[in-house]
Structure formats: C-alpha cells, structure tokens
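K.L.:
Okay, here's the structure, questions in a sec.
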Amino acid sequence: MPAARSPQKSGQARRDDLRRQVLSIIERELRSGATFADISVATVVAEAGISRSTFYAYFVDKANLLRTWYAEFTDVILEAARVWWALDGTATRDELRAALAGIVQAYRPHPELMTATHEAVGYDHEVRAAVEQAMDQYIGGLRAHIETGQAKGFIDPSLPPAETAYWLQWMAERGLHRMVRARPTSEDERLVDAYAGLVWNALYAPMR
C-alpha cells in the first residue's frame, strides 16, 4: 500500500495551487487596467471562489503574496544573470547577446506582477526591502564580474566597478520593467540587440 501524503505536504500543495490561482487573477486585473492598490481581497476571493477566511489562512495580505512571488522571481533572474557573469575573455558579442536574451526571457512571463511590485515599493516597506535586497544581489554579482574581467584583461580597466555595475543594473531594471510590458514578444529581438549593444560597448569593446 503506498504511503499516504503527510498533511504538511498536502497543505503546502494546497497553498501553492491557491497562490497560483490568486496571482493569475491579480495578473488578469492588472492587464485590464487596474492598479495593484485597486484590487481588493474581496474581488480576488470572489473570482477564486474562496472565502476571505481561507485567503487569510494562507496569506497575510496581498503584499505578502507579492513578496513571496518576487522572492522566487529574483532567484530566476539571478540564475539567468549568472550565465552572463560567467563569461570570460573568450566570449563573443553573440555569446553576450545570448546571455542577455536569457534575462529578457526570464522577465517576459509576468510583467504585470513586476509592475505591481514596483507600485507596492511606494507604500509597503517589506516589498521595498525585498526589491532593494534583490538589486543589491544583482549589482553585487555584476560588480564581481567587472572586477574579475578587469583583473583578467577583458573588461575596460578604467571603469569604476561599483558605479558601473550600479548604472548598468538600474538601467536594465527600468528598461526591462517598462519595455517588456509595453512591447509585444515580436519586438524582443530588438530589445535584446539594444541591451547587448549597450553592455558590449560599455564593458568589453574597449579591450577588443
């Protein structure tokens, strides 16, 4: 006889299913023009077919739901970014472009939730802290890549690593946030071309 699933695992599976359902509802509302602040728990539970007590049994509030999603999203972006940061002096512009395309692809599935996150930064300190922590990770990873590249001679040594990483990362963050949502997937190639051109010329071209 197969072992029965533990109540804990069953509860976690239920939480995950419900979270996906609720996030899907929130994304649909955002696509229709609502802001994250506009979307009430009453609307969410009505569309999900659950009670308010069920919602609050699984989630502290809407912002908590968003923070949990954003933490997972951060891991996905970091995984994509590490492909870029692993490039060395043998990397070609096409290889850089492929790595940056992976970052754009990672952003593509949930632009509405990214917009909601940036909105919530303005009034939820925990969301703001989560975004700042993620940006610190991105900037730190890129800074380490720049420093490694300068030491090995494939990144322009005249660039200040910390400030260059800060500029490039915040440029990418705002560009991806605004353009990926506003542009159709058919324009992703153009976005990647522009992104790769900026990064290549800023970091690597002076050493070629």
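The values are calculated or read from the model by the stated rules, or taken from the named source; none is laboratory data. Owing to the predicted nature of the structure, the values given are computational and were not obtained by experimental measurement. Counting neighbours? That spans all protein chains shown, and the Cβs are built from the backbone with ideal geometry, glycine included. With ligands, DNA and RNA removed, areas are computed over all heavy atoms of the protein, side chains included. Shrake-Rupley method; radii C 1.70, N 1.55, O 1.52, S 1.80 Å.
K.L.:
Just order 27-36, 61-70 by mean Cβ neighbour count inside 10 Å, highest at the front, would you?
P.N.:
61-70, 27-36
K.L.:
Could you provide, to the nearest whole Å², the per residue accessible area of the chain with probe 1.4 Å?
P.N.:
On a per-residue basis, the chain sits at 53 Å².
K.L.:
While we're on this one: Would you mind working out the magnitude of the charge dipole of region 109-208 relative to its Cα centre, with +1 at each Lys and Arg C-beta and -1 at each Asp and Glu C-beta, to the nearest 20 Debye?
P.N.:
With only Lys, Arg, Asp and Glu charged at Cβ, the dipole is about 300 debye.
K.L.:
For region 118-208, what mean projected area does the convex hull of the alpha carbons give, in nm²?
P.N.:
Seen from a random direction, the Cα hull of region 118-208 projects 6.6 nm² on average.
K.L.:
Dipole of region 36-127, Cα-centred, from +1 at each Lys and Arg C-beta and -1 at each Asp and Glu C-beta, to the nearest 20 debye?
P.N.:
Result for region 36-127 is approximately 80 debye, rounded to the nearest 20.
K.L.:
Still on this structure, I have one more. What residue among 105, 12, 133 has the largest mean-square fluctuation in a Gaussian network model of the chain, using Cα springs under 10 Å?
P.N.:
Sorting by GNM fluctuation, first place goes to 12.
K.L.:
Take every Cα pair under 8 Å in the chain that's 6+ residues apart, average their separations, divide by the length, and report that relative contact order as a whole percent.
P.N.:
21
K.L.:
Quick one: if you take sqrt(5λ) for each eigenvalue of the C-alpha gyration tensor of region 1-139, what semi-axes come out, biggest first, whole angstrom?
P.N.:
For region 1-139, the ellipsoid semi-axes come out as 32, 21, 14 Å.
K.L.:
Taking the Cα centre of the chain as the origin and placing charges on Cβ (Lys, Arg +1; Asp, Glu -1), which of 56, 109, 92 is farthest toward the positive end of the dipole?
P.N.:
56
K.L.:
Next question, about the same structure. At a temperature of 4 °C and a viscosity of 1.567 mPa s, determine how fast region 59-198 diffuses translationally according to Stokes-Einstein, using the Kirkwood radius over alpha-carbon pairs as Rh; express D in µm²/s, rounded to the nearest whole number.
P.N.:
82
K.L.:
Along the charge dipole of region 22-141, pointing to its positive end and built from +1/-1 on Cβ of Lys, Arg, Asp and Glu, which listed residue (138, 71, 25) has its Cα farthest out?
P.N.:
The listed residue farthest towards the positive side: 25.
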